[in-house]
Amino acid sequence: MKDNIKIYGKNILNELKGKDSLFLCVIASTKTSNIKGITGAGATPELTDFTPAADVELVILDSPQCLPEIPKTFVEGEAAPTPAVITKAALELTDLPFIVADAGAAVKPNIPYIKINDEPGKNIRTGKAVTDPKKIFEKGKLLGKTLSKLTDHIIIGESTPAGTTTALGVLTAMGYDARRKISGSMPENPHNLKYEVVSDGLKAAGYAKGQLESDPFKAVEIVGDPMIPAVAGITMGSSARITLAGGTQMTSVCAFIKKLDSEFDFNNICISTTRFVAEDETSDINHIARQIDDITIIAVDPGFENSNNTGLKRYVSGSVKEGVGAGGAMLAALLNGASMEDIRTKTEELCERIF
C-alpha cells in the first residue's frame, strides 16, 4: 500500500485504519463553469451544469439519468472518463455507504439526496456569487453533527465544475498566495483566465486582493461557490475524523475554516487527493496548505500509466486529475485491504461496461 501513497505532513495512516467510515459527496454548481475555456468538465460549457448530478447518478445507478451519456473531460477533442468511475470502483471494493448532499447543484440528481442548499452559484465575475453562504454553512454544521453520530470517519468528496476557479477566488479574497498554484482539469491550466475572472469579481464588488482576510462569508458571497461553506460547515459541525477528498478546492475549505476560527484544530483533518494533483507542475497544493495550517495531504497513485484503457491513461498526461472524491475513495479502499491493482482493474472493468 505504501508504494501507492505519498504523505505530505504527519503520517496518519494507522489512525485511519479500521475506522468505521462513510463517504459523503457534496455536489454544487457555479455559472462560472459556463465561461468558455475555464474547465474541461463537460463536452460544452453549458453541459457542465449537468456534471455533478450525472457524476453521483453514475456512482449509484451505473449511468446518468440527467444526461444521455457519461460525463467526460474533453481536451482538444480527446475524452477522459469522469473521476466518478474511480470513486465507484473504489467504493464497490469497500462497500462503504455513499451519501449525496446537494449544496446547490443546477441540475438535481434522480436519486435520494440530502438538501443543504437549493440555489446554484452565479458567475463570480458579477461579484455576487453565492446567496447567504452563512445559511449554507449552518445547515452544513447540522449535517456534520448528525453524520458524526453514525460513523467515526467521514470522507467528503465534491463535484463542482470550475471549483478550482472559485477556490482561487476565495483564497485570493482572503489574502492567500494562490495565483498559479490552483490545479485544473486540463493539461494546459488556464491560470490567466482564472485570475482575470477572480479579479473581475472582486472589482465588481468593490474589493481588492486580501481585503476580506477576516470575512470568509463575504469572500464566498462575492467570488466563491456553495460547496465551500457547505463542506466547511460539515467539517466544523462533526465530531468524527474528516478526510477532505479532493484537490486544491479543499484548501479553500480549510482556509475558510481557519479564517472563521483561528484556533481550529486541524489534527483531526487531512486532505486526500491523487498524485495527479500533488505532483501537478502547473499548481502547488502544498504551498497553499502550508499557508493555512499544519494540514496533512495524502496523495494516492492509481498507476494509470499501466492501464490498458486509453481514457484513464490521459490522467497521466494531465487531464481531469481529481474529482468526486477519487483520491479519498482510493485511500479508503487501500485502508480496507484492497490493492491498487484491484482498484485499477475494477476501474477498467467499469469503464468497459459503462462507457
**Message:** Show me the helices (runs of 4 or more DSSP H) found entirely inside region 267-355 where at least 1 residues are of a type in the set (A, V, I, L, M, F, W, C) and farther than 19 Å from E158 by Cβ.
**Reply:** 310-316, 326-335, 340-354
**Request:** Name every residue in region 223-267 that is out of contact with any Cys (no Cβ under 8 Å at 6 or more places or on another chain), buried (at least 24 other Cβ atoms within 10 Å of the Cβ), under 21 Å from L142 (Cβ atoms) and of a type in the set (S, T, N, Q), in order of residue number.
**Result:** T235, S238
**Complete:** Of V170, V220, V197, the only residue that is in a helix (DSSP H, G or I), farther than 23 Å from A101 by Cβ, among the β-branched types (V, I, T) and touching a helix residue (DSSP H, G or I) at 6+ places or on another chain (Cβ under 7 Å) is V197
**Item:** region 272-309 - residue that is touching a residue at least 24 places away in the same chain (Cβ under 8 Å) and charged (D, E, K, R) and, of those, nearest to K346 (Cα to Cα)
**Value:** D301
**Message:** Can you report the number of residues in region 121-147 which are buried (at least 18 other Cβ atoms within 10 Å of the Cβ) and among the polar types (S, T, N, Q)?
**Reply:** 1
**Request:** For residues that are among the polar types (S, T, N, Q) and in contact with a Pro (Cβ under 9 Å, 6 or more places away or on another chain), scanning just region 1-44, find the one that is modelled with the lowest pLDDT.
**Result:** T39
**Message:** Out of L150, L193, I need the residue that is surrounded by fewer than 24 Cβ atoms within 10 Å (Cβ to Cβ) and either under 20 Å from I116 (Cβ atoms) or within 20 Å of the chain's Cα centre (by Cα) (or both). Which one?
**Reply:** L150
**Complete:** Taking region 256-280 and keeping residues more than 19 Å from the chain's Cα centre (by Cα) and more than 19 Å from A230 (Cβ to Cβ) leaves S262, E263, D265, N267
**Asked** Taking region 25-50 as the search range and keeping residues that are over 22 Å from P133 (Cβ atoms) and in contact (Cβ under 8 Å) with a residue 40 or more places away in the chain, which one is nearest to the chain's Cα centre (by Cα)?
**Response** A41
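The values are calculated or read from the model by the stated rules, or taken from the named source; none is laboratory data. Computed from a predicted structure; not experimentally measured. All Cβ positions, even for glycine, are placed from backbone atoms using ideal geometry, and neighbour counts span all protein chains on display.
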